[in-house]
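Quick notes on the structure that follows.
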Amino acid sequence: MPALADTSRRRAGLTLTETLIALSIGAVLLGAVLPDLSDSLRRRHVEGAAAQFETDFAYARGAAVATQQPLRLRFGGDASGSCYVVFAGDPAACSCSVAGAVCGAGGRPLRHVHLPADGSVSVRANVGAMTLDPLHGTVSPTGTVRFTARDGRAVHQVVNLMGRVRSCSPAPVLSGHAPC
């Protein structure tokens, strides 16, 4: 009699067909989500680089006022990538490269950011350098710093005379940013 009880009991589990159907549905859903995920990742890289610049700029402006010495930002780029350096010293005392901040006599780097050419973001500015005045907290010259993703989407950080940074996005506009 125990053998009869075992054969009448139905086995629990999934059939091969049910498993393949579930895997097919999962693959279709994953295929639909992946392009959105990579787009979101590119957007976050651009926004992160722009936010880092805004933080570095605020730090430099505050440090210039606190130390009562002018600080400078210099932008650069070559085949290896693009960069900016925050430094103290003469206007031409420092530059940035793939190796880091390169400073001559009298230059002291405070912050260096290098974005490699094969990375997802590049930085360019419409000015070569900016000087932060320690007495007034102002910036000269004013400028626009552009952070651009490989797909062309960008965030512009517009620095005004008073040292305030405003973000905007040119077409195609990134949601959450004002159009430039």
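Given the options 136, 112, name the one that is closer than 24 Å to residue 69 by Cβ and assigned to a strand (DSSP E or B).
After ruling out the rest, the residue left standing is 112.
From 130, 162, which residue is assigned to a loop (DSSP other than H, G, I, E, B) and at negative phi?
Checking each option against the conditions leaves just 162.
Table: residues versus (1) at pLDDT below 85; (2) in contact with a Gly (Cβ under 6 Å, 6 or more places away or on another chain); (3) over 30 Å from residue 151 (Cα atoms); (4) surrounded by 10 or more Cβ atoms within 10 Å (Cβ to Cβ).
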{"position": "2", "(1), (2), (3), (4)": "yes, no, yes, no"}
{"position": "8", "(1), (2), (3), (4)": "yes, no, yes, no"}
{"position": "11", "(1), (2), (3), (4)": "yes, no, yes, no"}
{"position": "36", "(1), (2), (3), (4)": "yes, no, no, no"}
{"position": "52", "(1), (2), (3), (4)": "no, no, no, yes"}
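Restricted to the range 125-180, and to residues that are crowded, with 19+ Cβ neighbours inside 10 Å, more than 18 Å from the chain's Cα centre (by Cα) and aliphatic (A, V, I, L, M), which residue is farthest from residue 94 (Cα to Cα)?
139
For the range 80-100: of the residues being surrounded by 23 or more Cβ atoms within 10 Å (Cβ to Cβ) and not β-branched (Val, Ile, Thr), which is nearest to residue 143 (Cα to Cα)?
Out of the qualifying residues, it is 84.
Within the range 57-79, does at least one residue satisfy the condition of being without any contact (Cβ under 8 Å) to a residue 24 or more places away in the chain, surrounded by fewer than 20 Cβ atoms within 10 Å (Cβ to Cβ) and either in contact with a Lys or Arg (Cβ under 8 Å, 6 or more places away or on another chain) or aromatic (Phe, Trp, Tyr) (or both)?
For the range 57-79, residues without any contact (Cβ under 8 Å) to a residue 24 or more places away in the chain, surrounded by fewer than 20 Cβ atoms within 10 Å (Cβ to Cβ) and either in contact with a Lys or Arg (Cβ under 8 Å, 6 or more places away or on another chain) or aromatic (Phe, Trp, Tyr) (or both): absent.
Of the residues that sit in the range 148-175 and are touching a residue at least 24 places away in the same chain (Cβ under 8 Å) and out of contact with any strand residue (DSSP E or B) (no Cβ under 7 Å at 6 or more places or on another chain), which one is farthest from residue 132 (Cα to Cα)?
Going through the qualifying residues, I end up with 151.
When the range 67-86 is examined, which residues are found to be touching a helix residue (DSSP H, G or I) at 6+ places or on another chain (Cβ under 9 Å) and assigned to a strand (DSSP E or B)?
71, 72, 73, 84, 86
Count, please, the residues in the range 94-107 that happen to be in a strand (DSSP E or B), at pLDDT 90 or above and touching a Gly at 6+ places or on another chain (Cβ under 6 Å).
The qualifying residues number 2.
Is there a residue being out of contact with any helix residue (DSSP H, G or I) (no Cβ under 9 Å at 6 or more places or on another chain) and under 23 Å from residue 38 (Cα atoms) anywhere in the range 87-96?
no
The values are calculated or read from the model by the stated rules, or taken from the named source; none is laboratory data. Treat the numbers as computed from the prediction; the structure is a model and nothing was measured. We place every Cβ from the backbone using ideal geometry, glycine too, and count neighbours over all the protein chains shown.
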